[in-house]
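Below is one structure; the comments refer to it alone.
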Amino acid sequence: MAKRGKAALTVCSTAFVTLGRAQARALGDASLPIAVVPHPFGLRSRDEIREIASACVDEVAGLVTGTQR
Amino acid sequence: MNAPEIDRAATLECADDLEAINRLYRERKWSDGLPIVPPTPERVERMLAHTKRARYDVVTHVAPAYGAATVERIAVNAVMAGCDPGYLRVLIAATEAIADPAFNLQGIQATTNPVAVWLVVNGPAATSLNVNAAFNCIGQGAWANATLGRAMRLILQNIGGALPGEMDRATQGQPGKFSFCCAENEDASPWEPLHVERGFRRDESTVTVVGAEGTLNMNTHSKDAMELVRVMAETLIHPPSNEYVHGGEPWLIIGPEHAEVFKRGGLTKDDVKRHLWEQSKMAASQLSTKELQRARDSRTEELGEIEAGTLLPISPTADEIMLIVAGGPGTHSTYVPCFGNSRAVTRPIEI
């Protein structure tokens with residue numbers, strides 16, 4: 001998406017940030033913005049997931065608009 | 001014509017000392033944790049003499065790092081693993097196979113699941129290369145089995161970039177990730193061998209790659225074919241199974257004595273698959289609540305609405321239960337659970 005000129009980012013849980021960064025480098029976009037949320041997802045209720053989503057909105061918006069790296 | 005620089009294996013000078021070389025490989029994370037055979041230019045050349053493929057041919061790019069798997073780089077890893085030069089063509093075919101989208105190498109390499117890449121060799125190459133299909137065929141002791149499986153792991157790690165804790169996210173992994181390779185015991189099988197089932201001639205040689213999550217021994221002295229089917233089917237049923245959540249491709253290594261029981265009971269390979277599929281259906285209520293939701297996310301299109309009482313088949317069709325005959329004498333067969341989101345791929349081995 002980024003290569004097509006669209007705003008793009010990935011959301012990773014803390015346990016997968018290493019993979020996300022390495023994968024972005026391997027695919028030729030080392031600067032791909034990655035928003036980080038707490039791990040794990042699998043144990044959480046839908047309400048908890050909503051809270052996590054709300055908490056990372058600003059980070060996601062900042063990464064997409066380029067005001068945060 | 002020279003190949004682009006990026007596709008050449010790097011060479012470096014090092015003291016002619018095995019311990020120093022292994023220290024270097026250890027520091028750079030180029031090994032699987034065991035000592036390696038130094039891939040000197042001479043050894044790599046000897047390996048390359050056993051293929052008609054050009055040195056810098058890119059066989060594929062290996063996920064998740066998408067490193068270029070040139071024939072030369074495959075040969076380097078084969079030397080490191082201790083392979084005989086004649087094994088190279090098996091590894092080239094296996095490397096082609098893992099790149100097939102149906103195999104889902106990206107998922108296999110980066111998952112938290114304990115997925116090994118299991119190599120199954122069929123046809124004349126299995127005999128000529130002495131790939132063990134009999135006693136202890138997925139255990140230790142046979143040079144071809146041990147080093148071919150190990151070389152595949154090094155390719156996955158060194159070309160594919162799947163280093164544990166980095167891009168390989170396996171929670172625990174499993175011993176098969178060091179090495180997992182065998183041949184089918186075609187002479188002991190009452191049925192057509194795997195590669196013939198998958199569309200190849202019996203006199204062709206093939207390698208099949210399987211995303212394998214482990215091995216589970218099934219020891220039964222039963223001499224009744226249908227009873228044997230029943231206990232095997234009940235072995236497959238376990239709630240925390242990726243196969244039931246996603247619709248998998250379970251593999252069974254049928255021991256020759258069990259294969260004989262099936263033969264005497266008049267069961268064809270298709271019969272055994274069909275009975276196993278029917279009898280291994282598991283009530284969705286046996287899944288945990290989370291897994292039931294995951295099964296719904298993954299299989300509603302295939303099965304329709306999934307309720308607690310829905311009987312989930314282990315695979316979408318009976319054909320997707322895979323059977324090979326291997327091993328020596330004894331009342332044992334082995335269940336090899338599959339990753340779930342993966343299908344085995346077979347490729348011909350260059351003559």
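Considering only helices (runs of 4 or more DSSP H) fully contained in chain A, which possess at least 2 residues that are away from chain B (no Cβ under 14 Å)? Because the criterion is at least 2 residues that are away from chain B (no Cβ under 14 Å), the helices (runs of 4 or more DSSP H) in chain A that meet it are A:46-55, A:57-65. When B:Asn104, B:Asn132 are checked against the criterion of being among the polar types (S, T, N, Q), more than 14 Å from chain A (Cβ to nearest Cβ), more than 19 Å from B:Gly161 (Cβ to Cβ) and in contact (Cβ under 8 Å) with a residue 12 or more places away in the chain, a single residue qualifies: B:Asn132.
Inspect the range A:62-69 for any residue being in contact with a strand residue (DSSP E or B) (Cβ under 8 Å, 6 or more places away or on another chain), free of Cβ contacts under 8 Å to residues at least 40 places away in the same chain and either surrounded by 10 or more Cβ atoms within 10 Å (Cβ to Cβ) or acidic (Asp, Glu) (or both) and give the result as yes or no. Among the residues of the range A:62-69, not one is in contact with a strand residue (DSSP E or B) (Cβ under 8 Å, 6 or more places away or on another chain), free of Cβ contacts under 8 Å to residues at least 40 places away in the same chain and either surrounded by 10 or more Cβ atoms within 10 Å (Cβ to Cβ) or acidic (Asp, Glu) (or both), which makes the answer no. Just name the residue that is nearest to the other protein chains (Cβ to nearest Cβ) out of those in the range B:290-338 that are closer than 20 Å to B:Ile108 by Cα and of a type in the set (Val, Ile, Thr). The residue in question is B:Ile314.
Of the residues screened, B:Glu305 is not one that is touching a Lys or Arg at 6+ places or on another chain (Cβ under 9 Å), touching a residue at least 24 places away in the same chain (Cβ under 8 Å) and assigned to a loop (DSSP other than H, G, I, E, B).
B:Ile351 fails exactly one of the following numbered conditions: (1) of a type outside the set (Phe, Trp, Tyr); (2) surrounded by fewer than 16 Cβ atoms within 10 Å (Cβ to Cβ); (3) part of a strand (DSSP E or B). What is the number of that condition? Just one mismatch for B:Ile351, condition (3).
Would it be correct to say that B:Arg296 is assigned to a helix (DSSP H, G or I) and at pLDDT 95 or above? Judged against the criteria, B:Arg296 is a match.
Out of B:Gly265, B:Gly255, one residue alone is over 23 Å from B:Phe135 (Cβ atoms) and among the small types (Gly, Ala, Ser). It is B:Gly265.
Do we have B:Arg201 as more than 14 Å from chain A (Cβ to nearest Cβ) and buried (at least 19 other Cβ atoms within 10 Å of the Cβ) here? Taking the combined requirement at face value, the residue does not satisfy it.
For the range B:157-177, a tally of residues being over 12 Å from the mean Cα position of the chain (by Cα) and within 23 Å of B:Ile74 (Cα to Cα) returns 12. Is the range B:293-304 home to any residue that is surrounded by 21 or more Cβ atoms within 10 Å (Cβ to Cβ) and more than 20 Å from B:Val115 (Cβ to Cβ)? Among the residues of the range B:293-304, not one is surrounded by 21 or more Cβ atoms within 10 Å (Cβ to Cβ) and more than 20 Å from B:Val115 (Cβ to Cβ), which makes the answer no.
Please work out if B:Gly82 is surrounded by fewer than 24 Cβ atoms within 10 Å (Cβ to Cβ) and within 14 Å of chain A (Cβ to nearest Cβ). For B:Gly82, the condition - surrounded by fewer than 24 Cβ atoms within 10 Å (Cβ to Cβ) and within 14 Å of chain A (Cβ to nearest Cβ) - is not met. For the range A:12-49, a residue qualifies if it is charged (D, E, K, R) and more than 20 Å from A:Val64 (Cα to Cα), and the qualifying residues are A:Arg44, A:Arg46, A:Asp47, A:Glu48. Under the condition of being closer than 21 Å to B:Ser205 by Cβ and among the β-branched types (Val, Ile, Thr), which residue from the range B:60-79 is nearest to the other protein chains (Cβ to nearest Cβ)? Restricting to residues being closer than 21 Å to B:Ser205 by Cβ and among the β-branched types (Val, Ile, Thr), the top hit is B:Thr60. Checking each residue in the range B:204-222 for being among the hydrophobic types (A, V, I, L, M, F, W, C), within 21 Å of B:Asn145 (Cα to Cα) and buried (at least 20 other Cβ atoms within 10 Å of the Cβ) picks out B:Val207, B:Val209, B:Val210, B:Ala212.
The values are calculated or read from the model by the stated rules, or taken from the named source; none is laboratory data. Every value quoted in this text rests on a predicted model; they were computed, and no experiment measured them. Ideal geometry is used to build each Cβ from the backbone, glycine not excepted, and the neighbour counts take in all protein chains shown.
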